[in-house]
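Peer 1: Questions regarding the structure given below will be posed in turn.
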C-alpha cells in the first residue's frame, strides 16, 4: 500500500518547486539570486529609514523586483522600521508566553497537550516567516487567532474553576 501511494504521489513531488530546490541545490537563500537580492534590498531600505521604515506595503512599490520581499522579517523591518517591528513582534512573544503558561499550569491535561501543539505551530510559523509573509495572508492571521482564542478560553476555564473552588 505504501509503495502504491509513493508511486501515485511521485509525479506531484518531482514536478514541485520543493523537489527543484532540493535537487538543484536551491535550498539556501544564497543560491537564489532574486531572493538574496530581495533581502539585500530590504536591508538597504531599513538602513535608509531605520526608525519608521519606508511605509507599510511599500516594499513592492519601491523594489526593483516589483514584488513583496518573500520574508516576514525583511518585509516588516524594511516597511515599518524598528518601531513597527517591535510593535509587530511583541504579540508573538505574548502568545508564546501565554501558551507556555497554559502548559505549565495544566500539566498532563488535554489543554497542556494542545498548548504544546500550538507552541510547535508557532515555532513552525516563525521558521516559515523567513520565506513567506504572515501579515498579508489571511490563513496566517487565522492561525494566530486560533492561538489567542485557545489561550483566552483556557484562562476563562481556570478562572471559573478557581472561583468555584474558592466559593465553596
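Peer 1: Could you check how many residues of region 129-168 are closer than 29 Å to residue 36 by Cβ, surrounded by 11 or more Cβ atoms within 10 Å (Cβ to Cβ) and either at pLDDT 85 or above or in contact with a strand residue (DSSP E or B) (Cβ under 8 Å, 6 or more places away or on another chain) (or both)?
Peer 2: Selection size over region 129-168: 5.
Peer 1: Of everything in region 102-112 that's in contact with a helix residue (DSSP H, G or I) (Cβ under 9 Å, 6 or more places away or on another chain) and loosely packed, with under 15 Cβ neighbours inside 10 Å, which residue is farthest from residue 71 (Cα to Cα)?
Peer 2: For region 102-112, the residue satisfying everything is 105.
Residue-by-condition table, conditions (1) out of contact with any helix residue (DSSP H, G or I) (no Cβ under 7 Å at 6 or more places or on another chain); (2) assigned by TED's automatic domain parsing to the domain that holds residue 68; (3) modelled with pLDDT of 75 or more; (4) loosely packed, with under 10 Cβ neighbours inside 10 Å:
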site: 3; (1), (2), (3), (4): yes, no, yes, yes
site: 6; (1), (2), (3), (4): yes, no, yes, no
site: 9; (1), (2), (3), (4): yes, no, yes, no
site: 21; (1), (2), (3), (4): yes, no, no, no
site: 41; (1), (2), (3), (4): yes, yes, yes, no
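Peer 1: Same structure, new question: Just checking, how many residues over region 73-88 are in contact with a helix residue (DSSP H, G or I) (Cβ under 8 Å, 6 or more places away or on another chain) and at negative phi?
Peer 2: Residues that pass the stated criteria total 11.
Peer 1: If you don't mind, another one. What's the total number of residues in region 113-128 that are crowded, with 16+ Cβ neighbours inside 10 Å and either farther than 16 Å from residue 149 by Cα or not assigned by TED's automatic domain parsing to the domain that holds residue 67 (or both)?
Peer 2: 1
Peer 1: Check off (1) part of a helix (DSSP H, G or I); (2) surrounded by 14 or more Cβ atoms within 10 Å (Cβ to Cβ) for residue 90 and give me the number that stays unchecked.
Peer 2: With (1) part of a helix (DSSP H, G or I); (2) surrounded by 14 or more Cβ atoms within 10 Å (Cβ to Cβ) applied to residue 90, the lone miss is (2).
The values are calculated or read from the model by the stated rules, or taken from the named source; none is laboratory data. None of the values given here were measured: they were computed from a predicted structure. Positions of Cβ are generated from backbone atoms using ideal geometry, with glycine treated the same way; all protein chains shown enter the neighbour counts.
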